[in-house]
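A.B. asks: The structure that follows is given in the form of structure tokens.
The values are calculated or read from the model by the stated rules, or taken from the named source; none is laboratory data. These numbers were taken from a predicted model, which means no experiment stands behind them. Every residue, glycine among them, receives a Cβ derived from its backbone with ideal geometry; neighbour counts consider all protein chains shown. The area values use the complete protein model at the heavy-atom level, side chains included, leaving out ligands, DNA and RNA. Shrake-Rupley method; radii C 1.70, N 1.55, O 1.52, S 1.80 Å.
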Amino acid sequence: MERRESIKALMLGSLGTSLLLNGCIDTSPEKLEQKIWKFQYGRTPKEKAYDQKLLGQQFFDEREMELITRLANLILPPHNNGSIEQAEVPGFIEFISKDIPTLQKPLKSGLKWIDKIAHEKFGGSFTRLSEVDQKSILDSIAYEIQGVEEQPEGVVFFSLMRDLVVTGYFTSAVGLKDLGYMGNTPNVWDGVPDEVLKDHELVYDKAWVAKCIDQNTRNETAKWDENGNLLN
């Protein structure tokens, strides 16, 4: 599946995977179709079969998913407009790691690496450390210039994880709402502001204002005479 197709499937992929990980749904093709793909559109039979195959698999184990969730919350903490869990970012990362196999090795090895560092520095797994200790580890790999020579593996992993978290969040319904993205929503245009016209020593022709900026006729198709004059 191409990258553009992956992005199209992000929300459904994260929804399905999070449910699978929690054991909340039957993974049979019939149940996947009923529970998940009723929300999908524009998928060919081949694409739907491929998606179902991915949704029926589990790449990260429970401990790794817990670590991914914690890292995601540290990278993009919960706020008034949404959270990592609401946007189902961990499920997105699980899905995309199966959809793009080249991500699997760096993610798996990166998760092992960060747990190894946690044990070496603080004597416990990353998810069991205090937030202060967790952030101290991330601070050492969050800025490439600082950490790339000492901990290149950690820097590369954190950069990848940060990209996935931000992509997963801001391509979800929660993230799009957080951005205030309206999509192809029609608005009302009432002309160039008066102060801008004044700055350029311009004024509207009243006849054209009536034709072009009358919101009562905004849904009408413009008509022109044979000489190119706007009629309405």
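A.B. asks: How many nm separate the modelled label positions at ALA49 and HIS79, each set 7 Å beyond the Cα in the direction of the Cβ?
C.D. replies: 4.4 nm
A.B. asks: Keeping the other protein chains in place, figure out the carbon and sulfur percent of the accessible area of segment 82-232, with a 1.4 Å probe.
C.D. replies: Answer for segment 82-232 is 54 percent, counting heavy atoms of protein chains only.
A.B. asks: With label points built 7 Å along Cα→Cβ from the Cα atoms of ASP139 and LYS121, find their separation and express it in nm.
C.D. replies: 0.9 nm
A.B. asks: Given the Cα-Cα distance of TYR181 and GLN86 and 0.36 nm per residue of separation, how much length would full extension add, in nm?
C.D. replies: 32.5 nm
A.B. asks: How much length would be gained if the chain were fully extended between LEU160 and GLU66, taking 0.36 nm per residue of separation minus their Cα-Cα distance, in nm to one decimal?
C.D. replies: 32.1 nm
A.B. asks: Further question: If R0 is 22 Å, what FRET efficiency do you get for THR217 and VAL192 from their C-beta distance, rounded to 0.05?
C.D. replies: Efficiency, from the Cβ-Cβ distance: 0.70.
A.B. asks: Further, regarding this structure: Rounded to the nearest whole Å², what accessible area per residue is found for segment 59-150 with the 1.4 Å probe?
C.D. replies: 51 Å²
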